[in-house]
Structures are given as C-alpha cells and as structure tokens.
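Written below as structure tokens is the structure these notes are about.
Coordinate-derived values only; no laboratory data. Note that this is a predicted model, so its numbers are computed, not measured. Counting neighbours? That spans all protein chains shown, and the Cβs are built from the backbone with ideal geometry, glycine included.
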Amino acid sequence: MAMNLEERTLLIKKWVLEAGDKIQILLKNDLSVQQKSNRTDLVTNIDKEIEKYFVEKIRTYFPDELIFSEEGFGNTVTKLDGNIWYLDPIDGTTNFIMQQKNYAVMIAVYEDGVGQIGMIYDVYNNKLYEATKGRGAWVNGEKISQPKNISMRNGLLALNSQIIFRKEFETHRNLGNESLGVRMIGSAGLEMMEVLQGRTALYLASSLEPWDFAPALILIAETGLVTRNFDGMAIDLLNKQSFACGTPQSIKDFLGYLEKKRLQ
Ligand code: 2AM
Ligand code: CA
C-alpha cells in the first residue's frame, strides 16, 4: 500500500465520521425510498449519497484500487488481487427507514484477500468499531477483549430474519431451542459486533453479500472468533453465501448440529 496502514486508518476514520454527520443532516429532510429487486429490498437517497461520497474519496486518493459496493457506484470485482475496498453505505436499510437506528456505515480494505482495515459505525449510538490487521479490535478507543468461548447452549443465537422463511427453517428453529434464546437486530454488521463483545454466541444468515460481512471479518479475526458458511467452509470474499459467525465452540456446535441433521 502506498500510504502506510496507520495513515490509511486515520483517513478512513475521518471519512466514516464525516459520513455519519452527513447522514444525520440528510435525515432532517424527507427520505426518498425506492424498491430494488422486490418489495422488501429497499434503498434510499441517503444510501446512494453516502456510497457516492466514499467512492469519490477513494477514487481521489487511491485511483488504482477497486471498490466492491452495494449501490452500484463501485466496480465489478471478480478477483482478490491487489487492494479491494468493500463498502456498505448503510447496513440495515430497512431499520434506517423504519426506526432511524440499528443501522451502520461499513467499510473495509483488503490486500490480496487479507483484511487490513475494517470499520463499522453505529451512527445512532455514536459507536465506531474498528480494527487494523494485527492491532486488535476497538470500540470508541477501547480495546475489545477476546470473548469467552461459550457454547451455543450457553449463549444467545442471532438470526437474519430471511432465514426463518427458508425451507430449512425447521432445523434453525430447533437450533433456537438448543440456545438460550433467539435475537434479531436486522443489521448483519451490528449483529456481529454483539458477537464480538460476547453478548451473542452465534449469528446465522442464510445469505449475505461480501459488503455485508467483509468489514466485520477483520474485527472478528482480531478477537479469536470464527466464521464459516453452512457447509463449514471458509468465507468467500467474492460471492453471496450462507454465513455463520460465533465463538469457536458455538460454530463447532452449529456445524455438528447440521451434520447430525444431514445424517438423519
Ligand atoms: P442491507 O440493509 O445493507 O441490505 C438484514 O437482516 C441484514 O441482511 C442487513 O445486514 C441487510 O443488509 C442484509 N440483507 C438484506 N437483504 C439481503 C439480501 N437479499 N442479500 C444479502 N443481504 C441482505
Ligand atoms: Ca446496505
């Protein structure tokens, strides 16, 4: 990287905080909401504006680097070579529209497929989660310690709501019974920040896009948590896929449970 990691981290942090301020100013006006692929797949003028803001900054400072982003202002990314930016201007858009909270600005930089810098900004609660490779995960300047390795049985299970409408719902419903209880926030990034802070043992999503998980993966790697898809494989940074994130023990419990169901 031309700029060193520390300089890049500071620059991204400045952009992220500025984006948070912009969102709060823009929220004073009426939101314009559009449907994307279906009735529940929504985008607002603010999602687009914030993505454009980041894309312009990245293209000014790092013109040779590709951007993998949700709202269409980035590039088509088909391989992991070089520096790749992952950008979700607003994760939890439906919450943003309906609640104006439980959403986050998310950005990450990877180099040859290895996470370098990840940031997740919970604007409503003014909490900035960040990690730079090898330097731990932090929230508002406080280091996040490695969460206890709790089992699924002794922890909360968080679900992406789409999962309960899937055919495999029976399996996941029973999984709920094997945990202490089920929770749903509606923002993949913020769900994973709960796992990071030891409040949730395991988060499951039937289908997430790379911009939904790439920033959190860097924080997760810094705190000894584990991510896998539902086949037990490592997460692929280029494609949409099933996604599990949790303590090492809860991931083992989850994959063991799926395996047992497959054999039945
Ligand atoms: P978004 O708000 O950026 O779209 C909601 O349960 C979580 O899943 C949010 O993080 C949301 O991200 C993500 N999500 C919603 N619909 C999705 C889809 N069709 N594919 C992938 N991720 C989705
Ligand atoms: Ca989004």
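A viscosity of 1.567 mPa s and a temperature of 4 °C, combined with the Kirkwood radius over Cα pairs in Stokes-Einstein, give a translational diffusion coefficient for the stretch 213-259 of 118 µm²/s. Largest first and in whole Å, the equivalent-ellipsoid semi-axes of the chain read 29, 21, 18, each the square root of five times a Cα gyration tensor eigenvalue. The magnitude of the dipole of the stretch 75-223, with charges of +1 and -1 set on the Cβ of Lys/Arg and Asp/Glu and taken from the Cα centre, is near 440 debye.
Expressed as a fraction of 2.2 N^0.38 Å, the C-alpha radius of gyration for the stretch 113-264 is 0.99.
Could you tally the net charge around Arg199, taking each other residue with its Cβ under 12 Å from the Cβ of Arg199, Lys/Arg +1 and Asp/Glu -1? With Lys, Arg at +1 and Asp, Glu at -1, the net is 0.
Residue ranges 194-205, 124-135, 43-54, 170-181 sort as 194-205, 43-54, 124-135, 170-181 when ordered by packing (mean number of other C-beta atoms within 10 Å per residue, highest first). Remark: spin-label model distance Lys143-Thr40 equals 4.2 nm, labels positioned 7 Å along the Cα→Cβ axis. Here the stretch 5-143 is assigned +1 on the Cβ of each Lys and Arg and -1 on the Cβ of each Asp and Glu. Its dipole about the Cα centre then comes out at about 280 debye. Of the DSSP H helices in the chain, those with a Cα length along their own long axis of 20 Å or more and a mean Kyte-Doolittle hydropathy reaching -1.0 comprise 5-26, 45-61, 248-263.
Shown in residue order for the stretch 226-236 are the 3J(HN,Hα) couplings computed by the Karplus curve 6.51 cos²θ - 1.76 cosθ + 1.60 at θ = phi - 60°: 10, 10, 8, 8, 6, 8, x, 8, 5, 6, 9 Hz (x for Gly and Pro).
Of Lys57/Lys127; Lys101/Lys148; Lys52/Lys252, which sit over 31 Å apart, Cα to Cα? Where the Cα-Cα span goes over 31 Å, the pairs concerned are Lys52/Lys252.
Pulled fully out, how much extra length does the chain show between Glu170 and Gln264, if you take 0.36 nm times their separation in residues and subtract their Cα-Cα distance?
32.5 nm
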